[in-house]
1. Look at the stretch 128-160 and say how many of its residues are within 22 Å of LEU282 (Cβ to Cβ) and either among the hydroxyl-bearing types (Ser, Thr, Tyr) or at pLDDT 95 or above (or both).
2. Within the stretch 153-162, which residues are in contact (Cβ under 8 Å) with a residue 24 or more places away in the chain and not in a loop (DSSP other than H, G, I, E, B)?
3. Quick one: LEU43 ticks every box in (1) part of a loop (DSSP other than H, G, I, E, B); (2) in contact (Cβ under 8 Å) with a residue 24 or more places away in the chain; (3) under 24 Å from ASP167 (Cβ atoms) bar one, so which box is it?
4. Among the residues of the stretch 126-148, which ones are over 17 Å from the mean Cα position of the chain (by Cα) and surrounded by fewer than 18 Cβ atoms within 10 Å (Cβ to Cβ)?
5. Go through the stretch 263-286 and report how many residues are in contact (Cβ under 8 Å) with a residue 24 or more places away in the chain and assigned to a loop (DSSP other than H, G, I, E, B).
6. Would you pick out the residues in the stretch 249-291 that are in contact with a Lys or Arg (Cβ under 6 Å, 6 or more places away or on another chain) and at pLDDT below 95?
7. Run down ARG300, ARG235 and say which single residue is at pLDDT 95 or above, of a type in the set (Lys, Arg) and assigned to a helix (DSSP H, G or I).
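The values are calculated or read from the model by the stated rules, or taken from the named source; none is laboratory data. Predicted model, so just to flag it, every value in this text is computed and none were measured. Note that we place each Cβ from the backbone using ideal geometry, even for glycine, and neighbour counts take in every protein chain shown.
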Amino acid sequence: MTELAGGIWRVTFALPLGIDHVHCYVLRAEDGSLTVVDTGLGLDDAQARWRSVLGSLPGRVERIVITHFHPDHVGAARDVARLTGAPVFQGALDYEQCVRVFGDGDASVRFLDYLREHGMPEQEVEDVLEAGRRLRRHVRFAPDPGPLAPGDRIAGWDVLHLPGHADGHLALLRDGILVAGDALLATISPNVGLYPDSRPDPLADYLGSLERIVELAPARAFAGHGEPMDDPAGRARELIAHHEERLEHAHLAIREEPLDAYRVSLALFPDALSPTLRRFALAETRAHLERLVADGRAARLEGRATVEYAAGG
């Protein structure tokens, strides 16, 4: 555990995923009460790891805030709630998607059909299914969390809605400090993917979130991965430019012939990727292709073996 500023601590856990760590945060309020922001993945030793962290804190945890429902942020929420007795707070849309993806419904079936529809080969689809089964056992979200909405204040922090990486992604802002979740990362671009049952234009959402960060101009940002940022607005501008460049690359990829999102992803993300990482690449490619469609720079062609995209309106 590392103290980053007066009353803000960072707790870092290793991850067995494509990214090797996740940061959670502990925030001290003026009354001395503590807020945990995000909980890490619910690995088998999550309770033991959190018990060690909680034992070293200078106060009592009174509340737990989830920035977004991805496994490495919400996975141990139930564990931390049981250890502390503290209520969990989460955005309504984010919780709805959390239940849809990690509950007992048929979201995985729809997602696999989605991957096939957009061109992923069957063996990779099966590999994604198996990886998803392994991951789901490490997601123990808290049922019926307290609602948290943009414009709320919790423990002295303003609640912001910064969608894109996740539709209901929330962040906290106080005195020029942004606890950003995965809305802003220092050295990599947060994944912005289009998934079944999600908002239709996540890249437009994300570009809007980045513009909001530029407008707010926080002095410092603490993220879910990587190092703190001393110029969050500057980093947001870099990411806007990155996605403009990525849109140009996607447009070039479909200029000669219509392609499905999987094949475009091979042009945008040419490195050899595991099926799990390739599905992230496919979802992000779709977000860029649909942004081109919304801009009138591409057309979606349905009724074929796979959904394809062609340059032009």
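1. Applying the first criterion (within 22 Å of LEU282 (Cβ to Cβ)) to the stretch 128-160 yields 128-136, 139.
Still in the list and also either among the hydroxyl-bearing types (Ser, Thr, Tyr) or at pLDDT 95 or above (or both): 139.
So the count comes out to 1.
2. Of the residues in the stretch 153-162, the ones in contact (Cβ under 8 Å) with a residue 24 or more places away in the chain are 154-157, 160-162.
Within the stretch 153-162, ILE154, TRP157, LEU160, HIS161 meet the criteria.
3. LEU43 satisfies all of (1) part of a loop (DSSP other than H, G, I, E, B); (2) in contact (Cβ under 8 Å) with a residue 24 or more places away in the chain; (3) under 24 Å from ASP167 (Cβ atoms) except (3).
4. Scanning the stretch 126-148 gives GLU126, ASP127, LEU129, GLU130, ALA131, ARG133, ARG134, ARG137, PRO143, ASP144, GLY146, PRO147.
5. Filtering the stretch 263-286 for residues in contact (Cβ under 8 Å) with a residue 24 or more places away in the chain gives 263-264, 274-280, 282-286.
Subsequent filtering for residues that are assigned to a loop (DSSP other than H, G, I, E, B) retains 274.
So the count comes out to 1.
6. Answer for the stretch 249-291, where residues must be in contact with a Lys or Arg (Cβ under 6 Å, 6 or more places away or on another chain) and at pLDDT below 95: there is none.
7. Numbers: ARG300 fails: assigned to a helix (DSSP H, G or I).
The conditions single out ARG235.
Per-residue answers, yes or no, for (1) in a loop (DSSP other than H, G, I, E, B); (2) in contact with a Cys (Cβ under 8 Å, 6 or more places away or on another chain); (3) within 26 Å of SER274 (Cα to Cα):
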position: ARG82; (1), (2), (3): no, no, no
position: ASP94; (1), (2), (3): no, no, no
position: GLN97; (1), (2), (3): no, no, yes
position: VAL109; (1), (2), (3): no, no, yes
position: ASP113; (1), (2), (3): no, no, yes
position: ALA149; (1), (2), (3): yes, no, no
